[in-house]
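As structure tokens, the structure follows; a few thoughts come after it.
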Amino acid sequence: MRTKFGLILMICAILVISACGNNPTSSDSAKQDESVNAAGETVKDEPSKEATTEPAKEEPKEEPKEEPKEEPKEEPKEASNKPGEKFTLGDWEVVLDSFEFDQKVSADMFSSSADEGNKFLILNYTVTNNGKEAKDFTSIIGGVNMKAIFKEEYEYNYTVTMIDGDLGTGSIKPLATKSGFVVIEVPDGVADSKESLVIKLEDQDKAQITLR
């Protein structure tokens, strides 16, 4: 009887020990989160970063800014005048008193003749220098740019004759007034024609004189 009871106790003890051996302890659970690397060091398994990484937010694209358009530069205004009318051209006050065509221009004992087949367009001006410095109305270099335009397409530039009275031969003092001439050599066909002929003048401003 005692022998059977003793066997029963031993069986119960074995079952209890087996049950304890199968239940993992807290330390065993902790060990499951660790692994051993090649150097024999214990490394904790980190949770995968892929699961926690959020997609990068796209920043709004900036639209290209429109550059301000450059406004076209205004050309100097061109006043249209007739012989005898007074007008302003930069620092100059100008009047074309009269004009004529001739084969030559002369003063005292000196004269200058146009080439064969040409004539001089002689422009008689009265000009006032309203600037603060003495300067030439026309000259070989500088001064007012002047030319004759025939039928709106043929151009002829002025010529300095070096004769007394030519407005290209001497400077005019500030606030002084001087009368003189400017000559433009043109073909006989231009002088004899009835087609349009205008004088274009340009300094700081532009102006024109309609001859016909």
Quiz prompt | Residues (surrounded by fewer than 14 Cβ atoms within 10 Å (Cβ to Cβ) and in contact with a Phe, Trp or Tyr (Cβ under 7 Å, 6 or more places away or on another chain)) located in the range 105-129 | solution = none
Exercise. Taking the residues in the range 88-101 that are at pLDDT below 95 and of a type outside the set (A, V, I, L, M, F, W, C) as candidates, determine which candidate is nearest to the chain's Cα centre (by Cα).
Key: Gly90
Quiz prompt | Meets criteria (open to solvent by 70 Å² or more (accessible area, probe 1.4 Å) and either outside any strand (DSSP E or B) or modelled with pLDDT of 90 or more (or both)) for Pro72 | solution = yes
Quiz item: Do any strands (runs of 3 or more DSSP E) lying entirely in the range 94-136 carry at least 1 residues that are more than 25 Å from Pro187 (Cβ to Cβ) and in contact with a Lys or Arg (Cβ under 9 Å, 6 or more places away or on another chain), and which ones are they?
Solution: 118-129
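The values are calculated or read from the model by the stated rules, or taken from the named source; none is laboratory data. Just so you know, these numbers come straight off a predicted model, no measurement behind them. Cβ coordinates were reconstructed from backbone atoms using ideal geometry, including for glycine residues, and neighbour counts include every protein chain displayed. What goes into the accessible areas is simple: the full protein's heavy atoms, side chains included, and nothing from ligands, DNA or RNA. Shrake-Rupley method; radii C 1.70, N 1.55, O 1.52, S 1.80 Å.
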